[in-house]
Amino acid sequence: MLNRQGRPTSAGDGAITADTGTFTGNRALMQEEALIFESGRYETTGVDFDEPENFSPRLGDLEREGDIGLPGLSEPEAMRHFVRLSQKNYGIDTGLFPLGSCTMKHNARLNERMARLPGFADVHPLQPVSSVQGALELMDELSRYLVTLTGMTSVALSPKAGAHGELCGMMAIKAAIDAKGEGETRRTVLVPESAHGTNPATAALIGFKVKTVPADTDGTVRVQAVKDLIGPDTAAIMLTNPNTCGLFEPEIVEIAQALHDAGAYFYCDGANFNAIVGKARPGDLGVDAMHINLHKTFSTPHGGGGPGSGPVVLSQRLAPYAPVPFVIPGAEGLTLVEHEQYAEEKPFGRITAFHGQMGMYVRALSYMLSHGSDGMKQASEDAVLNANYIRAGLRGLMSQPFGDKPCMHEALFDDSWLKDTGVSTLDFAKAMIDEGYHPMTMYFPLVVHGAMLVEPTESESKSSLDLFVAAMRDLAQAAKRGETERFTGAPYHAPRKRLDETRAARQPILRWTPREPVREAAE
Amino acid sequence: MRYLPLSPDDRSEMLAKIGVDTIDDLFADVPAEKLLTEPLDLPRRKGEMEVERILGRMAGRNVAASTVPFFVGAGAYKHHVPATVDHVIQRSEFLTSYTPYQPEIAQGTLQYLFEFQTQVAALTGMDVANASMYDGSTAAGEAVLMAHRVTKRRKAVLSGGLHPHYADVVETLSHMSGDKVVSLPADPRADEDILAAIDDETSCVVVQTPDVFGNLRDLTKIAEKAHAHGALLIAAFTEVMSLGLVKPPGAMGADIVVGEGQSIGNSLNFGGPYVGLFAARQKFVRQMPGRLCGETVDAEGKRGFVLTLSTREQHIRRDKATSNICTNSGLCCLAFTIHMTLLGQVGLQRLARVNHANAVALADALATVPGVEVITGAFFNEFTLKLPKDAAKVVEALADKGVLGGVPYSRLAPDADCDDLLLVASTEVNTDDDRAAYVAALKEVLA
Amino acid sequence: MSTTRYTKDHEYIRVDGDTGIVGITDYAQSQLGDVVYVELPEAGKALEKGGEAAVVESVKAASEVYAPVSGEVLEVNGDLEAAPAAINEDPAGAGWFMKIKIGNASELDELMSEEDYQAYVKSIS
């Protein structure tokens, strides 16, 4: 007899009950995953090579002895391990990622495909220049785009990330000051209190003293506040524009002028360049040096924290001091200047081996070619529009520290609206995780209490923003109604509950070590 | 534009909701005369196909390593990367995630960082490693700064076997921060007297092994002398695969170990992105630069990972931070972890032996070419040839014959008076045919 | 007979003859949150009033601890390295930072009394 009943096709009538727990600890698609040091085996490898035929080693007496302590996994095990790990991560492709100041925009896969062309990915930095003319052409073309978009004179491509770009730009300023014989006197760098932490760290690293410029009550820097601090000892200002409160500095031109009049330089932190690409050029504003985070504005992937790329554009006054290497036209095509003593200019030295983040240059140029000059301008406008749309959707409910006025590409809120709710900015952010969103940037900038910095980027559709605003409103109202448990215990639905950072810092465990053998109960 | 979801109607509706008339009302803080009215002088938007054509043409003008007999090293190495690596690092959740500041939804990144730190510590024979630096050269620069913090001295001594780019990075940084550097002259035969350069003012000694010429160096005596004078030994390497076969710096007394991790999991990429490795003794952990991932538990007592000891970092310490670094080398570090996991120690050791065997075979073959001398005694997968002609010219001539034969040392250090030295690397990718082609081409070029 | 004096930066010094025990106040530890690490000076170091004497780190912040008065460090609380939680649990007792030899006793007069300090804390919180 055939079993004609088959499998049940209704959703079943079992009561939906509380989480009952599972034998494995897994929750269907959410899988627990051991460390490779627990699941791997010392004798296993997932890569096949034949042992080399007899040969006599030439290692002197420096051959390594004993176990290295590295277990291996077969290929299927390794694939599963890392895929499971990936499933515990939130990415831009997962959902809205409004992390202010970080510009989490769409990462087009065309850019990945281009960076993997063997002509880019499989080329060695020290091959003869005759064999890498296309790579040099790409660097040259990227430079042309960056210089055109910023209205500057030249670009140093090699910095490996934003902070490295800052270092490079400040070194160029220091070199220019030294060249003028003012190295002993110009030792102070002005940094607004709203600045990224990297700014004062960078200035201090190369021996500058940092003086803090207070922010005005509206979150911007006033030219008078700068003038009050400028003196013969002033080397430069490091100013972010648009600033970390998401505002364009309205007196930026006057600030630049004041610095130039005093013989000092204007370093602009370009982290927020995304708001103004195609709308305004830093060169026209009086900027002398600015790093560009290719991983923000030009969409090279953040990759869980890198690799980044931070080219620095330079004004006429600083261009001669750009570090090596750089690309110049030669007798037979393009060539590289790799040593300062052979340059016509006055490079201050070298800040990294080889030529910088080529893989990121390819992706960034691919992004720029795709957008074109019209698309990049549209992207900036959409980024600003989206941020203001969120601001408009939340106004009246969440407090804006500087009043209800337009922002650039990110909208800033403070925590005064949470007063007496028992919910903190952190709690609110963690509750966003349960709603399927990555939290916004919290507690930065420092000048705003309990700051929440929301940057949607141009990659979000209107319907995505509408849902986000609705979810934020629902959360905000719940907080005001006193539904504190929804926040203080959040996230409830992530792979992990809140983690004990105190414990991690008090007794740091920074690597896996074999566990003490567990003593079997004798009785 | 395919990356921009808003339609013209959306934009009008949104402006109305915001309460402004035009988009430029939102740019009101930009001085009116500075607002661009015309599009910039760059081409219009392009479809995927056109972009592929343009970039494909540029890529086509480069000689890819896998298309020729290839022996170029000197800090970056051509190795085979398993297909699994490239697949996994392109998964959205790795590729498009951010620095794991929200650990509840970033355990994937944090766990591999913890695995990576453990792998690097094991490989180098050190206690702890950070979550990576930009590359080997910047890691070396940061190591010197760290040694200055630990010893409260400000003089670094650099071995003449250190990769000249690494030395340049340290020198630039030191010059800018007002610290002293003593750089020993190029040392192709590893016979410099570095012990004599160590004194009571020395903060650290930086020695590379295998060095830029390929020499394997025993660091034990250097460590002893450095420690006797209150200085630290910083050991550097550019070929991490050597650690599968060669005694690790941690076993020779190094206090800090830095190096380039590109060889495991990462392509050549014309010089970047790469992944800097940074390991140290436990007692120095709070002076280390860069990010650190640590183990902890969540509110339910389940094991989890977080970024930790972050008070060392710039976003908290600002002008008192240990370093201005804000990024690690995330995806490259993931590529390293995956490849290393696939290899395991047996795979790594075998692969290292294949590299070494190929290099030995190549050295022996090239030594038969009239006028050529292999000057490196103990080496891993890279050695130095002394040529009867200018090495840069020889390399160009070899390239004309379709062989990429190495790096003339003069390209790295034009003033070192080593114009006749050629650095040659050989890895698992080289075949008997490659070697034969090299020998034949070199004979012709030198004839 | 000992007296305790306070600074506006929330350090205390418990004076006993010509020496004093320096630490941070209960208010300071509550503002810092869980302390995870302390960087202490070496014995013998000369401190200037108002100069940096130690660094105290919580998970999210690192703060300088300033010398309430000038003097020489006689002894530091080595237990804090392994058990920084003592600063949160017992700031006035087991969570002490260092013992100093007071260089200039008149500087103590510029500091706040217990009563003044409590009023000061009230005014800022």
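The values are calculated or read from the model by the stated rules, or taken from the named source; none is laboratory data. Being a predicted model, the structure only gives us computed values, none of them experimental. A quick note on method: Cβ atoms are made from the backbone with ideal geometry, for glycine too, and the neighbour counts reach across all protein chains shown.
Scoring B:Ile23 on the criteria (1) facing chain A (nearest Cβ under 7 Å); (2) in contact (Cβ under 8 Å) with a residue 60 or more places away in the chain leaves a single failure, condition (2). Condition first: at the interface with chain B (Cβ under 7 Å from one of its Cβ atoms), without any contact (Cβ under 8 Å) to a residue 24 or more places away in the chain, farther than 25 Å from A:Pro242 by Cβ and touching a Pro at 6+ places or on another chain (Cβ under 9 Å). Can you find one or more residues in the stretch A:117-132 that meet it? Checking the stretch A:117-132: at least one residue is at the interface with chain B (Cβ under 7 Å from one of its Cβ atoms), without any contact (Cβ under 8 Å) to a residue 24 or more places away in the chain, farther than 25 Å from A:Pro242 by Cβ and touching a Pro at 6+ places or on another chain (Cβ under 9 Å).
I'm trying to understand the selection: among the residues of the stretch A:339-368, which are part of a helix (DSSP H, G or I), of a type outside the set (A, V, I, L, M, F, W, C) and within 23 Å of the chain's Cα centre (by Cα)? Matches in the stretch A:339-368: A:Gly359, A:Tyr361, A:Arg363, A:Ser366, A:Tyr367. Being without any contact (Cβ under 8 Å) to a residue 60 or more places away in the chain, closer than 18 Å to B:Tyr409 by Cβ and surrounded by fewer than 23 Cβ atoms within 10 Å (Cβ to Cβ) holds for only one residue in B:Leu184, B:Leu195, and it is B:Leu184. In the set (1) more than 7 Å from chain A (Cβ to nearest Cβ); (2) buried (at least 24 other Cβ atoms within 10 Å of the Cβ), B:Asp168 fails one condition alone, (1). When each of B:Leu123, B:Leu110 is tested for being at pLDDT 95 or above, assigned to a helix (DSSP H, G or I) and either within 7 Å of chain A (Cβ to nearest Cβ) or more than 20 Å from A:Pro71 (Cβ to Cβ) (or both), the lone residue that passes is B:Leu123. Checking the stated criteria, B:Ala361 turns out not to satisfy the condition of being surrounded by 18 or more Cβ atoms within 10 Å (Cβ to Cβ), at pLDDT 95 or above and assigned to a helix (DSSP H, G or I). Cβ-Cβ contacts under 7 Å between residues 6 or more apart (or on different chains), taken from a first residue in the stretch A:44-62 that is facing chain B (nearest Cβ under 7 Å) to a second residue that is in a loop (DSSP other than H, G, I, E, B) and hydroxyl-bearing (Ser, Thr, Tyr), are listed as A:Thr44/A:Ser74; A:Gly46/A:Ser74.
Pull up the stretch A:334-345, narrow it to residues that are surrounded by 13 or more Cβ atoms within 10 Å (Cβ to Cβ) and of a type outside the set (Val, Ile, Thr), then point me to the one that is farthest from the other protein chains (Cβ to nearest Cβ). Result: A:Glu345.
Test B:Lys34 against the stated conditions and say whether it is facing chain A (nearest Cβ under 7 Å) and under 30 Å from A:Gly286 (Cα atoms). Yes.
The rows are residues; the columns are (1) acidic (Asp, Glu); (2) surrounded by 24 or more Cβ atoms within 10 Å (Cβ to Cβ); (3) at the interface with chain B (Cβ under 10 Å from one of its Cβ atoms); (4) outside any helix (DSSP H, G or I).
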{"position": "A:Ser370", "(1), (2), (3), (4)": "no, no, yes, no"}
{"position": "A:Asp382", "(1), (2), (3), (4)": "yes, yes, yes, no"}
{"position": "A:Leu397", "(1), (2), (3), (4)": "no, no, no, yes"}
{"position": "A:Gly403", "(1), (2), (3), (4)": "no, no, no, yes"}
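Of the residues making up the stretch B:284-309, those that are free of Cβ contacts under 8 Å to residues at least 60 places away in the same chain, more than 8 Å from chain A (Cβ to nearest Cβ) and in contact with an Asp or Glu (Cβ under 9 Å, 6 or more places away or on another chain) are B:Arg286, B:Arg303.
Residues in the stretch A:90-113 that are part of a helix (DSSP H, G or I) and within 17 Å of B:Thr99 (Cβ to Cβ): there are none. Checking each residue in the stretch B:178-194 for being within 10 Å of B:Ser159 (Cα to Cα) and either out of contact with any strand residue (DSSP E or B) (no Cβ under 7 Å at 6 or more places or on another chain) or in a strand (DSSP E or B) (or both) picks out B:Val182, B:Ser183, B:Pro185, B:Ala186, B:Asp187, B:Glu192, B:Asp193. For the stretch B:339-372, the candidate set comprises residues that are more than 7 Å from chain A (Cβ to nearest Cβ) and within 22 Å of the chain's Cα centre (by Cα); within that set, the residue that is farthest from B:Val85 (Cα to Cα) is B:Ala359. Could you look through the stretch A:243-255, keep only residues that are surrounded by fewer than 24 Cβ atoms within 10 Å (Cβ to Cβ) and part of a helix (DSSP H, G or I), and pick out the one that is nearest to the other protein chains (Cβ to nearest Cβ)? Within the stretch A:243-255, the match that is nearest to the other protein chains (Cβ to nearest Cβ) is A:Val253. If only residues of the stretch B:79-99 that are facing chain A (nearest Cβ under 7 Å) and touching a residue at least 12 places away in the same chain (Cβ under 8 Å) are counted, the one that is surrounded by the most Cβ atoms within 10 Å (Cβ to Cβ) is B:Ser97. What do you reckon, is B:Arg435 closer than 17 Å to A:Phe55 by Cβ and assigned to a helix (DSSP H, G or I)? Yes; evaluated as a whole, the condition is true for this residue. Among the candidates A:Gly134, A:Gly100, A:Gly95, A:Gly119, the residue that is more than 25 Å from B:Asp86 (Cα to Cα) and of a type outside the set (D, E, K, R) is uniquely A:Gly100. Note on the stretch A:414-523: enclosed helices (runs of 4 or more DSSP H) holding 3 or more residues that are within 30 Å of B:Gln282 (Cα to Cα) and not polar (S, T, N, Q) are A:501-506. Within the stretch C:14-48, the set of residues being among the aliphatic types (A, V, I, L, M), touching a Gly at 6+ places or on another chain (Cβ under 7 Å) and under 21 Å from C:Ile124 (Cα atoms) is empty. Restricted to helices (runs of 4 or more DSSP H) entirely inside the stretch B:40-101, those with at least 1 residues that are farther than 24 Å from A:Gln127 by Cβ and within 24 Å of the chain's Cα centre (by Cα) are B:83-89, B:92-95.
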